[in-house]
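Asks: So that we are looking at the same thing, I have put the structure below in C-alpha cells.
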Amino acid sequence: MAAVNYRRVLIGALVGGVVWSVWSIVVEAGLIGMARYNAAIQVGHILSQPRYSYFTVVWFLTLFVLALVVAWLYAAARATLGPGPKTAFNVGF
C-alpha cells in the first residue's frame, strides 16, 4: 500500500467539513424553512427546546468527524482503485 499523505487527508477533511456544514445550513434554512420547522414542532416531530444547549456545536463537530472518516476511506480506496472522481463517487456511495 502506498504511503498516505496525512496532511492532504486532513485538508480534505477540513474542506469536506466546511462543505457539509454549508450544505446543512442551506438545507435547513433554505429548503425546509421556518414554516415547516414550526409545523413539525407543533405536531411533535421535533422538540421545541434542544435536549442540551450545545447541540449545534456537537452537530458541526460530528460533520467534521464524518468528513475525516470519508477522507480516510478515499485515501485507502485510492491505493487500489486509483485516483479520480470515479473513486470518490464509489467511496461516497
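The values are calculated or read from the model by the stated rules, or taken from the named source; none is laboratory data. Just so it is clear, the structure is predicted and the values come from calculations on it, not from any experiment. Methodologically, a virtual Cβ is constructed for each residue, glycine included, from the backbone with ideal geometry; neighbour enumeration extends over all protein chains shown. Side chains included, ligands, DNA and RNA excluded: accessible areas come from the protein's heavy atoms. Shrake-Rupley method; radii C 1.70, N 1.55, O 1.52, S 1.80 Å.
Asks: Would you list Val15, Val91 from the most to the least accessible area, probe 1.4 Å? Provide the component values of the computation, followed by the final result.
Replies: Numbers: Val15 85, Val91 40 Å².
Correct descending sequence by accessible area is Val15, Val91.
Asks: Could you give the accessible area per residue of the chain, probe 1.4 Å, as a whole number in Å²?
Replies: I get 80 Å² per residue for the chain.
Asks: Let me check against my output: what whole-number percent is the relative contact order of the chain, with C-alpha pairs under 8 Å and at least 6 apart? Display every interim value, and only then the final one.
Replies: Numbers: 50 pairs, mean separation 44.0, N = 93.
It comes to 47 percent, rounded to a whole number.
Asks: Same structure, new question: Which angle from 0 to 90°, rounded to the nearest 10, does the C-alpha axis of helix 6-26 make with the longest principal axis of the chain?
Replies: Computed tilt is about 30 degrees.
Asks: With only alpha-carbon atoms counted, please give the Rg and Dmax of region 1-41, in Å.
Replies: So, for region 1-41, Rg and Dmax equal 16.9, 52 Å respectively.
Asks: Another one. Quick one: what are the phi-derived ³J(HN,Hα) couplings along region 54-70, Karplus 6.51/-1.76/1.60 with θ = phi - 60°, whole Hz, x for glycine and proline?
Replies: Running phi through 6.51 cos²θ - 1.76 cosθ + 1.60 with θ = phi - 60° gives 9, 4, 4, 5, 5, 4, 6, 5, 4, 4, 5, 5, 5, 5, 5, 4, 5 Hz.
Asks: State the label only: which of (i) 17.4, 54; (ii) 16.1, 40; (iii) 11.9, 33 corresponds to Rg and Dmax of the Cα atoms in Å computed from the shown model?
Replies: (i)
Asks: With each pseudo-label sitting 7 Å past Cα toward Cβ, what's the Tyr6-Ala76 distance in nm, one decimal?
Replies: Placing both labels 7 Å along Cα→Cβ, they lie 1.7 nm apart.
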